[in-house]
Amino acid sequence: MIYVYGTSHVSEESFDVIDEALKEHDPNIVALELDYPRLNSILGEEDQASGPLFARVIKMFQERIGAKTGVMPGSEMKYAYKKAVETGKEVALVDQDIRVTVQRLKSVRRKEKVRAFFSILVGFIGPSHNFDLSSIPEDELIEELVEEMKEEFPDIYKVLMTERNQYIVKALLEVDENREGDVVAFLGAAHVKKVKEMLDEVDSQGTVETR
């Protein structure tokens, strides 16, 4: 059985979600929306301050939100990783290598990247949505934001969402097929709905559950 849980990279509520999921299911495998470079980065073993300006601006925006909540981006994945290791569970990293994602972002049209850049800057000054940054956003708000991104920045959406969702689903299915026991997956909340739909499409035995 695969259990998929949504978290927020800047929400303290995510820690409670992780604790409750691990306690309820006691899985053999904990799957994380991470790749090896980002795992090394959040564990403090690798500096990822360099990279394309656009990628760095996105990171700065996340850190700005994280500073307001006391939970920096990636903290919930670091927490889940350490909890899994402490309890002797196997960890599976199911996200696409960040270097591949950054390389793919380079192919996005310059006009769209410029528009996204200024959209991020506007977000620094006055976000268009009211967030309770201490909690994971409601499904309706997540869906609204994802749809806005898809409509306004289709190429960026394809790289950051569509391609990574496909990678995550394939990785989760491989983990479930090749290893014994239940899998609890922690993904950013924006990925959960589509990943669930894609898993359901290939699942004929009801072995996928989301929370």
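Where a number appears in this text, it was derived from the coordinates with a stated rule and is not lab data. These figures come from a predicted structure and were not determined experimentally. Because the Cβ atoms are built from the backbone with ideal geometry, glycine has one as well, and the counts that use them run over all protein chains shown.
Note on E151/D200: beta-carbon distance plugged into 1/(1 + (r/R0)^6) with R0 of 30 Å gives a FRET efficiency of 0.75.
This ranking places V169, V146 by how few other beta-carbon atoms lie within 10 Å of each, fewest first, which gives V146, V169.
In this structure the amide hydrogen of A31, modeled in the peptide plane, comes within under 5 Å of the amide hydrogens of A92, V184, A185, F186, none closer than 5 places in sequence on its chain.
Net length available on complete extension from Y36 to V91 is 18.7 nm, with 0.36 nm assigned per residue and the Cα-Cα distance removed. Within the shell defined by Cβ-Cβ distances under 15 Å, the residues around E180 carry a net charge of -4, with Lys and Arg each +1 and Asp and Glu each -1.
You can think of it this way: the chain between N28 and K106 has 24.3 nm of extra reach, that is 0.36 nm per residue less the Cα-Cα gap. Coupling constants for the stretch 80-95 follow from the phi torsions by the Karplus curve (6.51 cos²θ - 1.76 cosθ + 1.60, θ = phi - 60°), and in residue order they are 5, 4, 5, 4, 5, 5, 4, 9, x, 8, 6, 10, 10, 9, 10, 9 Hz; glycine and proline get x. Cβ-Cβ distance of L43 and E144, R₀ of 45 Å, FRET efficiency by 1/(1 + (r/R0)^6): the value works out to about 0.85. Computed from label points 7 Å out along Cα-Cβ, the spacing between F117 and D16 is 4.1 nm.
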